[in-house]
Amino acid sequence: MRKKVFNMFFSFLYPVADFLAINFAILLSYKVYRILGIGQQVYYEKLHIIPISLMASLAALIILLIFGAYKRESSLLNVEEIKNVVKGISFSYLLFAVVMVFMTLAPSRYVLVFSYFASVMFVVIERTIFYHLPLAKTIKGLNKKILIYGAGELGQALFRSIVNSPKLGIVPVGFIDDNPGKSDMAYNSTGFSNSAYSLPVLGTGVDVGKLTEQHNIDEICVAISNIDNKTLIDLMKQFKAENVKVSFVPNLCNAFLHKVKIQQIGQLPLVREEDNIATYFYKRYVDLFLGAVSVCALLPVFLIISLAIKINSKGPVFFEQDRAGKDGSIFQMYKFRSMFTDADPYAVNPLSKNDARITRVGRYLRKTSLDELPQIINVLKGEMSFVGPRPEMPFIVEEYNEIHKERLRVLPGITGLWQLSGDRKRAIHENMDYDLYYIRNCSFFLDVAILVETLIFALRGV
């Protein structure tokens, strides 16, 4: 009963928060429009603006509902929810623009544009705050405790996915594994925040009954890579006999490296692998447009940063390094120099802001990710994209296995899911979950969602 009440509370919390955020964005945009003194400066009384704002916010909520922004499901880093939010708000404002043509009383087109960008930013920030404050995990009795049967590659992938999806309210208590060599071991994941999560191996299959009772387990999830059907059926019968709910993860992670579509035919699920070739085709045109606009808009920032680097330390403004791009082709990646010139360019990246190799200006550039801005040049040259897997150094790519090589199927990006995660301090090739997810699910609105979250992430460092 308590869990149902909490779920109902959350069902109302998100729409109410979105309604307030969008309404505030519209009213604030009108205020900014008046302060800047642009356009024809049409003045509306609050009596007229507030009803328009309230109706527009309500209409946006309905459209967000249609676009799936209020589903209980949670994706990796909640990025699917953010994608649906961006998609729903974009469609809402497109509809508002059409309606404005027929309205005798309508806000300025400048207010409409300001409101759109403000609405996207405010709602994404609000959703990000909720994502990092998962109340369901902090209130006793509202979360679902599980044991993961299998501490191998598949089980660890499930653990990382759960940690990156706190909205689900699932709390992994520990692993069960029949390999005696894994007893007393623990596996770590940083997840969506900088806090490390450690999950121990608590025992073997014979300990299920004791562990279930001891930790008040709600469900056991079987995640064993090489399990056969007979063993799986026997395990499920065993758990069912002990009145424990059970689920299992089908081992399709390595069999299907691209986007997967599941179709139901009668009682049988048909799994089909799809490719996103059409999606990647449009990306080049979007990259060229954004790159040209960014260079023009950020030119003063480029000049200020360049001057600060030259004043702070001797050496060139830009740092160039060989990186592996699409299909393994080598290119020169550009950055603003953030370290002293005598630092080894291929040494391990600094993990601390107090690293002696980093210059005073460099600390600020790395904290705000402004050191990455020159990679817009790589985007214009066709060597990189705005969103994609980060480019790796060639000598590391030479050691790639077949799974790692999937990263090379697409253009590397300035930003991506990995940069938004708590695992960004670990090696790039140790974070294949993020890159494979992006490659499988790449879309225009997913790119927009990642870019908006990257901007918010960078602003947090200011």
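Throughout, read-outs are computed from the coordinates displayed, never taken from laboratory work. Predicted model only: the values in this text are computed from it and were never measured. Neighbour counts run over all protein chains shown; Cβ positions are idealised from the backbone, glycine included.
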> So how far apart, in nm, are the two label points at Ala356 and Asn312 if each is 7 Å from Cα heading toward Cβ?
Replying inline: 1.9
> Hey, rough spin-label estimate for Gln264 and Asp178, points 7 angstrom out along Cα→Cβ, what's it come to in nanometres?
Replying inline: 3.2
>> 5 Å is the cut-off here: which amide hydrogens, built 1.01 Å from N in the peptide plane, fall below it relative to Phe318, excluding neighbours closer than 5 in sequence?
In response: Arg337
> Measuring from label point to label point, each 7 Å out along Cα→Cβ, what is the Lys71 to Val99 span in nm?
Replying inline: 2.6
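With 26 Å as the limit, write out which pairs from Lys167/Lys245; Lys310/Lys367; Lys71/Lys405; Lys31/Lys367 have Cα-Cα distances beyond it, or answer none.
Lys71/Lys405; Lys31/Lys367
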> log₁₀ I(q)/I(0) of the range 277-460 at q = 0.08, 0.13 Å⁻¹, via Debye over equal Cα point scatterers, no solvent, to two decimals?
Replying inline: -0.24, -0.67
> If packing is taken as the mean number of other Cβ atoms within 10 Å per residue, what is the order of 292-300, 108-116, 408-416, highest first?
Replying inline: 408-416, 108-116, 292-300
> Ordered by packing density, taken as the mean number of other Cβ atoms within 10 Å over each peptide's residues, highest first, how do 394-401, 325-332, 171-178, 147-154 rank?
Replying inline: 147-154, 171-178, 325-332, 394-401
> How compact and how long is the range 142-251, expressed as Rg and Dmax of its alpha-carbon atoms in Å?
Replying inline: 13.2, 41
>> With the alpha-carbon atoms as the only input, what is the per residue convex hull volume for the range 414-462 in Å³?
In response: 74
